[in-house]
Amino acid sequence: FFQEMMKELADMSIQQASDHVKFIYDNYVSVTGYASQIWSGIAGFYDRYPRIPFGRPTSYTENHREKFEKCYPFARKLDAEFARLLPQRYAYQKNLADNTDPKFLIGEDTTFTTITVNTTTKDRNARMACHRDAGSLNEGFSNLTVIGDGKKSWKGGYLVCPEVRVAINVRPGDLLLVDNMRVIHGNTPIEAPDSGEDDLLRMSLIFYYREGMKNLGEWDYE
């Protein structure tokens, strides 16, 4: 493939070659990366990708639809609070959601398409290095909340934004609206509680509209 491409590039101008290489990179090169294993996944719906060039439900959503639908009331509550707290950002995100096939929206009536779920137990720790997220809608906002099972607690897990010297202790019942595409963020270690119990369970949920979803056609087309 690359040998043939080099022959094509040789006959192009510098600008044409540059544009062609960028097209190949953006559309045919996977950006899948590999790092230390954490218990992280996505639910809801996903946009086109070089290996899977069509919009679709995530694997979890497709295979556990009845369980997934139980989150709809929770998503609608977050959506309502998003609209109340940041109406201008919400309005932009809602405009895109209104032009997206409802079958790609969580609950078919929110402004969210996707949920990232990070889970920490005593055996797997979802501690993140400082980073900016990719894929969320730039003009929208991510909705971050944390849940447990009501039995196993934890300490730590502060969301840290080093550029602005802020550390936020998000606990169950809290909602944090964060511009995670622009703000560098990570989190402190997540540890067992002071009670001495060695067991813990913490799940962070980030609800958002994936920017690539605005380019999808109708459900049946995808």
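So which chymotrypsin sites (Phe, Trp or Tyr not before Pro) in the range 153-222 are both in a DSSP loop and have at most 13 other Cβ atoms within 10 Å of their Cβ? Walk me through the numbers before you get to the answer.
On the way: sites: Trp154, Tyr158, Phe207, Tyr208, Tyr209, Trp219, Tyr221; in loops: Trp154, Tyr158, Tyr209, Trp219, Tyr221.
Here the chymotrypsin sites (Phe, Trp or Tyr not before Pro) that fit, given the DSSP loop and packing criteria, are Tyr221.
Amide H to amide H distances under 5 Å link Ser136 with Glu211, where only residues 5 or more positions off or on other chains count and H is placed in the peptide plane.
Keeping all protein chains in place, calculate the accessible area per residue for the chain (probe 1.4 angstrom), answer in Å². Let's see the in-between values first.
Values: 13520 Å² over 222 residues.
Value for the chain: 61 Å² per residue.
Placing a label point 7 Å from the Cα of Ala192 along the Cα-to-Cβ direction, the residues of the range 101-134 whose backbone N falls under 14 Å from that point are 121-124. Distance between the 7 Å Cα→Cβ label points at Glu163 and Asn95: 2.4 nm.
Leaving out ligands, DNA and RNA, and with a 1.4 Å probe, what % of the accessible surface on the chain is carbon or sulfur? Provide the component values of the computation, followed by the final result.
Values: 7060 of 13520 Å².
The nonpolar share, carbon plus sulfur, comes to 52 percent.
Seen through its C-alpha gyration tensor, with square-root eigenvalues sorted a ≥ b ≥ c, the range 56-123 comes out oblate because a/c lies at 1.5 or above while a/b is not bigger than b/c. Considering the chain as a Gaussian network with a 10 Å cut-off on Cα pairs, which listed residue, Phe54, Phe23, Phe45, attains the greatest mean-square fluctuation? The residue with the greatest mean-square fluctuation here is Phe23.
Here the range 180-222 is scanned for amide nitrogen atoms under 20 Å from the site 7 Å beyond the Cα of Arg48 along Cα-to-Cβ, giving 209-222. Cross-link reach is defined here as a Cα-Cα straight distance under 14 Å, omitting same-chain residues fewer than 8 places apart; for Lys155 the aspartates and glutamates meeting it are Glu191, Asp194, Glu197, Asp198, Asp199.
Please work out the FRET efficiency for the pair Ile24 and Ser59, using the Cβ-Cβ distance as r and a Förster radius of 30 Å; give the result to the nearest 0.05. Intermediate values should be presented prior to the final figure.
On the way: r = 27 Å, r/R0 = 0.92.
Computed FRET efficiency for Ile24 and Ser59: 0.65.
Projecting the alpha carbon convex hull of the chain along each direction and taking the average yields 15.6 nm². Rounded to the nearest 10 degrees, the angle from helix 72-85 to the longest Cα principal axis of the chain is 90 degrees. Simple point charges give the picture: +1 on the Cβ of Lys and Arg, -1 on the Cβ of Asp and Glu, and for the chain a dipole about the Cα centre of about 580 debye.
The values are calculated or read from the model by the stated rules, or taken from the named source; none is laboratory data. Keep in mind that what you see is a predicted model, and the values were worked out from it rather than measured. All Cβ positions, even for glycine, are placed from backbone atoms using ideal geometry, and neighbour counts span all protein chains on display. Protein only, heavy atoms only, side chains kept; ligands, DNA and RNA dropped before computing areas. Shrake-Rupley method; radii C 1.70, N 1.55, O 1.52, S 1.80 Å.
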